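Each remark here refers to the structure printed beneath this line.
The values are calculated or read from the model by the stated rules, or taken from the named source; none is laboratory data. All values reported here derive from a predicted model rather than from experimental measurement. Cβ placement follows ideal geometry from the backbone for every residue including glycine, while neighbour counts extend to all protein chains displayed.
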């Protein structure tokens with residue numbers, strides 16, 4: 001498929017290179033022509049110098065045939081404006097914008113524009129490594145009412161059937177990360193030491209889920 005990327009910084013460069021390596025057609029936009037040097041001599045995609053929310057610039061990048069658009073420049077306003085133009089003017093279905101301001105990210109999520117809140121994500125990842133207890137938000141729906149959480153388990157859960165988590169919490173067990181690989185649990189799956197458990201929960205369930213899984217099954 002054809003993908004348009006706005007912003008040829010470190011993130012945009014990596015996205016463009018990986019998309020091209022995966023066999024996709026890529027066009028990348030940046031206001032600074034010198035930024036395209038980051039792509040390297042082997043990049044065969046299209047580079048367009050201009051403003052990423054300008055209609056003519058987007059058309060030059062092939063937005064009218066694009067199936068996806070990523071706005072990852074350093075400016076929140078530019079990213080969200082470009083994302084809205086791509087979706088609302090050109091009808092691109094898969095659109096995502098990088099946002100630094102956590103408050104703005106939540107607002108735009110509720111408007112139906114998927115965002116990656118860079119500051120929040122980075123802070124969560126660092127805190128997860130400093131304070132492994134509790135849970136880490138990995139995804140939420142546009143309203144913020146449903147969340148995908150990576151939850152820390154008390155050691156008493158190891159050796160227990162994975163299904164017991166759903167029975168104890170009422171949450172939905174989405175998947176398990178085991179030795180760096182994703183595992184879709186079934187009725188035979190048993191929790192092992194080192195497992196990272198990912199649960200789908202309602203926001204008002206979160207505190208109860210954390211408390212339940214922070215102790216041994218049955219509260220012992």
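Could you tell me which of the residues 48, 26 is without any contact (Cβ under 8 Å) to a residue 24 or more places away in the chain, under 20 Å from residue 85 (Cβ atoms) and touching a helix residue (DSSP H, G or I) at 6+ places or on another chain (Cβ under 9 Å)?
The conditions single out 48.
What about residue 28, is it assigned to a strand (DSSP E or B) and either at pLDDT 90 or above or not assigned by TED's automatic domain parsing to the domain that holds residue 144 (or both)?
yes
Just need a number here: residues in the range 185-203 that are under 27 Å from residue 144 (Cβ atoms) and at pLDDT 90 or above.
Matching residues across the range 185-203 total 7.
Within the range 178-220, restricting attention to residues that are within 20 Å of the chain's Cα centre (by Cα) and in a loop (DSSP other than H, G, I, E, B), which residue is surrounded by the fewest Cβ atoms within 10 Å (Cβ to Cβ)?
Only one residue tops the list, namely 180.
Restricting to the range 138-155, give me the number of residues that are buried (at least 16 other Cβ atoms within 10 Å of the Cβ) and in contact with a helix residue (DSSP H, G or I) (Cβ under 9 Å, 6 or more places away or on another chain).
6
Could we say that residue 23 is assigned by TED's automatic domain parsing to the domain that holds residue 90 and part of a loop (DSSP other than H, G, I, E, B) here?
Against the criterion (assigned by TED's automatic domain parsing to the domain that holds residue 90 and part of a loop (DSSP other than H, G, I, E, B)), residue 23 qualifies.
Tell me, which residue of the range 124-145 that is in a loop (DSSP other than H, G, I, E, B) and closer than 30 Å to residue 91 by Cβ is modelled with the lowest pLDDT?
142
Being within 21 Å of residue 119 (Cβ to Cβ), in contact (Cβ under 8 Å) with a residue 24 or more places away in the chain and assigned by TED's automatic domain parsing to the domain that holds residue 36 is true for just one of 66, 82, 61, 86. Which residue is that?
When all the criteria are applied, what remains is 82.
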